[in-house]
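Below is one structure, written out as structure tokens, with a few remarks after it.
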Amino acid sequence: MKTGLALLSFLFLLTSCKDTGISKPKNLIEEDKMVDIIYDLALLEGIKVHNPANLQNVNSNEFVCKKYKIDSLQFVKSTQFYASDISNYKKMYEEVGKRIEKNKSYLDSIESKANKK
């Protein structure tokens, strides 16, 4: 997961350091959907890092594109657009972080109950 977060952070820094005034793409992915996509990519990357055998033959980007019915160019352009507004992009990633923490707490509680039996 550290690798995925490092990659996402790098992309964030790369795109946020430029003041390019990126215009809104025609097929912009809606913000809520984009948060869902980022969340799924973070989960997939975390699974790959902690248990690579589970996703050995899964291409995360292809999986997400199929799931959300988007193409890679649409994802890249939407990412560039959202990253051009640092404060909003940061909020999107904070939302992803909250969702990860919420699910982590839930899974930890299930694991704790299972270990008590």
Can you list which of the trypsin sites (Lys or Arg not before Pro) found in the stretch 38-108 are DSSP loop residues with at most 13 other C-beta atoms within 10 Å? LYS69
Karplus ³J(HN,Hα) for the stretch 65-78 (6.51 cos²θ - 1.76 cosθ + 1.60, θ = phi - 60°; Hz, whole; x = Gly/Pro) runs 4, 5, 4, 9, 6, 10, 10, 5, 5, 4, 5, 4, 5, 5
By its C-alpha gyration tensor, with a ≥ b ≥ c as the square roots of the eigenvalues, how is the stretch 25-111 shaped: rounded for a/c under 1.5, else prolate for a/b larger than b/c, else oblate? oblate
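Bear in mind that the values in this text are calculations on the coordinates, not laboratory data. Because the structure is a prediction, the values reported are computed rather than measured. All Cβ positions, glycine included, derive from the backbone under ideal geometry; neighbour counts span all protein chains shown.
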